[in-house]
1. Kindly provide the set of residues from segment 140-158 that are at pLDDT 95 or above and either touching a helix residue (DSSP H, G or I) at 6+ places or on another chain (Cβ under 6 Å) or in a helix (DSSP H, G or I) (or both), ordered by number.
2. Of the numbered conditions (1) outside any helix (DSSP H, G or I); (2) closer than 27 Å to residue 157 by Cβ, residue 67 satisfies every one except a single condition; which is it?
3. For the structure I just gave you, tell me whether residue 89 is closer than 30 Å to residue 141 by Cβ and part of a helix (DSSP H, G or I).
4. Do the conditions hold for residue 134, that is, is it closer than 20 Å to residue 172 by Cβ and modelled with pLDDT of 95 or more?
5. Does residue 166 satisfy being closer than 18 Å to residue 92 by Cβ, modelled with pLDDT of 95 or more and either touching a strand residue (DSSP E or B) at 6+ places or on another chain (Cβ under 6 Å) or assigned to a helix (DSSP H, G or I) (or both)?
6. Out of 103, 110, 126, 43, report the one residue that is at pLDDT 90 or above and over 17 Å from residue 165 (Cβ atoms).
7. I'd like the full set of residues that are under 19 Å from residue 113 (Cβ atoms) and under 20 Å from the mean Cα position of the chain (by Cα), limited to segment 74-86.
8. Filter segment 137-162 for residues that are closer than 19 Å to residue 115 by Cα and either within 18 Å of the chain's Cα centre (by Cα) or not assigned by TED's automatic domain parsing to the domain that holds residue 197 (or both) and give the result.
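The values are calculated or read from the model by the stated rules, or taken from the named source; none is laboratory data. Values in this document were obtained by computation on a predicted structure and should not be read as measured data. Quick reminder, even Gly has a Cβ in these numbers, built from the backbone with ideal geometry, and neighbours come from all protein chains shown.
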């Protein structure tokens, strides 16, 4: 098929352009295709991981409802080992810690809570674990360690709860003055008609002026 002079010039320009830039363009297209494929694959991986973690968490909930710590432990161990980055792992650890605490297995409770504290990327979940961990230390009469845990960095929205528990620890320790200050500061941190206000005020009133 014959081309006129203008068409032939356009074809020659296109060939020259492709010779100069063709490999680069092909590389960019390939990289984009691989990137998209990788993104889709990663999303699929995350989804399947979450589904498997959810199935284990359901087993964990059943064991917790039955108060079966022996059955719960291996399920939680699998959840933490295989799916540590999922939200189910942290929540499973909190649930396992509660059951262990109810069974007076404080060592297991502390291990689960410490794992959440050290690994959770969710500030609220981590703060709950810190509170419960300090509560276990309080039950063990490790007052200074409990206070040290509460003084670690935590989500600001939990300040009142941390101070309230700190007041309980100081009171158990026999330091009424420090307990009073902690309760007062906790009250100042509460917003509006918090359900905790009356409870903290009652504790404060019991300590006297």
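1. Correct list: 143, 144, 145, 146, 147, 148, 149, 150.
2. Exception for residue 67: condition (2).
3. Working: closer than 30 Å to residue 141 by Cβ: no; part of a helix (DSSP H, G or I): yes.
Here the answer is no, as residue 89 does not meet what is asked.
4. Yes.
5. Numbers: closer than 18 Å to residue 92 by Cβ: no; modelled with pLDDT of 95 or more: yes; either touching a strand residue (DSSP E or B) at 6+ places or on another chain (Cβ under 6 Å) or assigned to a helix (DSSP H, G or I) (or both): yes.
Against the criterion (closer than 18 Å to residue 92 by Cβ, modelled with pLDDT of 95 or more and either touching a strand residue (DSSP E or B) at 6+ places or on another chain (Cβ under 6 Å) or assigned to a helix (DSSP H, G or I) (or both)), residue 166 does not qualify.
6. After ruling out the rest, the residue left standing is 103.
7. 75, 76, 77, 78, 79, 80, 81, 83, 84, 85, 86
8. If the condition is that a residue be closer than 19 Å to residue 115 by Cα and either within 18 Å of the chain's Cα centre (by Cα) or not assigned by TED's automatic domain parsing to the domain that holds residue 197 (or both), then 149, 150, 152, 153, 154, 155 are the ones that fit.
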